[in-house]
Amino acid sequence: MRPFHLAFPVHDLAAARAFYGRLMGCREGRSSDHWIDFDLYGHQIVAHLSEDARPAGVTNPVDGHDVPVPHFGVVLTMADWQALADRLKAAGVAFGIEPHIRFKGQVGEQATMFFNDPSGNALEFKAFADDAMIFAT
């Protein structure tokens with residue numbers, strides 16, 4: 001699978017560097033005074049400085065939770081998902097949706113968690129016990 005590329009707005013590059021680099025553990029790539037490349041589990045994400053960056057504030061009901069839209073993240077292995085959840089909890093990150101198992105006992109059962117970066121961008125990280133369930137119907 002080829003890596004994806006995602007560019008998104010942030011209102012503070014120093015805060016983005018601290019969040020994605022130090023907290024999330026993303027290796028930093030190229031950067032300028034207006035953007036920073038990060039390696040998010042092998043994918044290229046780029047934080048672009050925009051003083052007008054504001055979260056959308058839209059949600060969609062999913063399995064009893066209000067899921068923020070838009071959001072982005074990565075499907076991790078269960079071990080990597082748990083390690084990330086533990087690291088975020090230890091750092092005191094406020095979760096929009098706490099780490100939990102969604103669709104328990106159903107097709108597509110998954111571990112999921114939602115949280116925001118310092119600019120309000122919503123992130124979801126998830127994992128499946130069986131990756132064959134990622135696109136199950």
Could you count how many residues in region 47-61 are open to solvent by 30 Å² or more (accessible area, probe 1.4 Å) and in contact with a helix residue (DSSP H, G or I) (Cβ under 8 Å, 6 or more places away or on another chain)?
1
Output yes when any residue across region 6-19 is closer than 13 Å to Asn116 by Cβ, modelled with pLDDT of 95 or more and β-branched (Val, Ile, Thr), and no when none is.
yes
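Name every residue in region 1-34 that is closer than 21 Å to Ala94 by Cβ and part of a helix (DSSP H, G or I), in order of residue number.
Ala14, Ala15, Ala16, Arg17, Ala18, Phe19, Tyr20, Gly21, Arg22, Leu23
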Given the residues Gly120, Gly73, which is the only one that is closer than 18 Å to Ala16 by Cα, within 16 Å of the chain's Cα centre (by Cα) and at pLDDT below 95?
Gly120
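The rows are residues; the columns are (1) touching a residue at least 40 places away in the same chain (Cβ under 8 Å); (2) of a type in the set (Gly, Ala, Ser); (3) open to solvent by 80 Å² or more (accessible area, probe 1.4 Å).
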position: Tyr41; (1), (2), (3): no, no, yes
position: Ile45; (1), (2), (3): yes, no, no
position: Asp63; (1), (2), (3): yes, no, no
position: Gly73; (1), (2), (3): yes, yes, no
position: Leu84; (1), (2), (3): yes, no, no
position: Ala91; (1), (2), (3): yes, yes, no
position: Phe115; (1), (2), (3): no, no, no
Would you be able to tell me the number of residues in region 93-102 that are among the hydrophobic types (A, V, I, L, M, F, W, C) and either surrounded by 14 or more Cβ atoms within 10 Å (Cβ to Cβ) or touching a residue at least 60 places away in the same chain (Cβ under 8 Å) (or both)?
3
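The values are calculated or read from the model by the stated rules, or taken from the named source; none is laboratory data. What you see is a predicted model, and the numbers here were worked out from it, not measured in a lab. Every residue, glycine as well, gets a Cβ built from its backbone with ideal geometry; the counts of neighbours run over all protein chains shown. In case anyone asks, the SASA skips ligands and DNA or RNA and just uses the protein heavy atoms, side chains included. Shrake-Rupley method; radii C 1.70, N 1.55, O 1.52, S 1.80 Å.
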